Amino acid sequence: MSGHGLNLRRYLVIVLMAGVLFLPFAAFALNAFAFRWFYPQFIPADFSLQAWERIFASNSRLGEALLNSTLIAVGVTLVSVIIGLPAARALGLYNFRGKRLVEFLVLAPTMVPPIVVSFGLSVNFIRWRLAGTLLGVGLVHLVPVMPYVVLTLAGVFANYNVDYEAQARSLGASPWRVLWHITLPAIFPGVVVAGLFAFLISWSQYVLTFLIGQGKIITMPVLLFSAAGGVDNANIAALALMFVGPALLILLVTSRYLGSGAAGGLARI
């Protein structure tokens, strides 16, 4: 087959995949702006901003939910990357007895249902007065986030050349200068991908947030699930777009790093 034919097939596959991925967003968008959409109409007869006006006017907790979700997701991302870097460096650069067991233990939280984790931790969180607080919710979000961060960065360090660090130290660079000028620039794409995973996983947590937050910490998933029991499809669709919007924006901004630097880490998950 000619190169032109291969390129055409590639573009068709990309368009098909993009259509499949964005079809749900199109459905949400139609519902969010629909007015007087009755069966068997294929598209709404009229469009309106009433749903958006209602959720901003009547939903006084929307701003609180957006703020809490952002604070928790950003905080979890920063903490998980800081904690995960040394662990990932050890797993990626060194071979030692019991390494497979350590990797299994790192991955273990992804195998346990979140409701089991939350019930197991809730007693201690109540005792430590962390239940119903932003700090407690952020700490419990680290449980599902850390495996993705550590294993992604471990794959990056598996392809990392430590000789550059040795050369910098031989020229008198301090450990902090080596970290800032040598290590971090080299692994930056992997750090971005790990941070992307951390943000998206934390942003979308419902069960852990609801049980550890005890209904006091309102985030976008909690607000969306509470609204999903209603009958106003336009309101639900508008809240759903508000929920996926920031995550989709973060994904688009960091998408250029998904194919570079972190491929080893992605393959290990």
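The values are calculated or read from the model by the stated rules, or taken from the named source; none is laboratory data. What you see is a predicted model; the values in this text were computed from it and never measured. Don't worry about glycine lacking a Cβ; one is built from the backbone with ideal geometry, like all the others, and counts go over all protein chains shown.
Considering every residue within the range 123-133, establish whether at least one is under 29 Å from Thr254 (Cβ atoms), modelled with pLDDT under 90 and either in a helix (DSSP H, G or I) or among the hydroxyl-bearing types (Ser, Thr, Tyr) (or both).
Step one: filter the range 123-133 for residues under 29 Å from Thr254 (Cβ atoms), giving none.
Taking every residue of the range 123-133 in turn, none turns out to be under 29 Å from Thr254 (Cβ atoms), modelled with pLDDT under 90 and either in a helix (DSSP H, G or I) or among the hydroxyl-bearing types (Ser, Thr, Tyr) (or both).
Kindly indicate whether any position in the range 64-78 is more than 22 Å from the chain's Cα centre (by Cα) and either of a type in the set (D, E, K, R) or closer than 24 Å to Tyr206 by Cβ (or both). Scanning the range 64-78, I find no residue that is more than 22 Å from the chain's Cα centre (by Cα) and either of a type in the set (D, E, K, R) or closer than 24 Å to Tyr206 by Cβ (or both), so the answer is no.
Do we have any residue at all in the range 76-87 that's in contact with a helix residue (DSSP H, G or I) (Cβ under 9 Å, 6 or more places away or on another chain), part of a loop (DSSP other than H, G, I, E, B) and surrounded by 12 or more Cβ atoms within 10 Å (Cβ to Cβ)?
Step one: filter the range 76-87 for residues in contact with a helix residue (DSSP H, G or I) (Cβ under 9 Å, 6 or more places away or on another chain), giving 76-81, 83-85, 87.
Filter once more, keeping what is part of a loop (DSSP other than H, G, I, E, B): none.
The answer is no, given that none of the residues of the range 76-87 is in contact with a helix residue (DSSP H, G or I) (Cβ under 9 Å, 6 or more places away or on another chain), part of a loop (DSSP other than H, G, I, E, B) and surrounded by 12 or more Cβ atoms within 10 Å (Cβ to Cβ).
Scanning the range 218-240 for residues that are crowded, with 19+ Cβ neighbours inside 10 Å and aliphatic (A, V, I, L, M) turns up Ile218, Met220, Val222, Leu223, Ala234, Ile236, Ala237, Ala238, Leu239, Ala240.
In summary, Ser174 fulfils each of the numbered conditions (1) over 27 Å from Ile72 (Cβ atoms); (2) surrounded by 15 or more Cβ atoms within 10 Å (Cβ to Cβ) with the single exception of condition (2).
Does Tyr148 satisfy the criteria of being assigned to a helix (DSSP H, G or I) and assigned by TED's automatic domain parsing to the domain that holds Ser255? Yes: the conditions hold for Tyr148.
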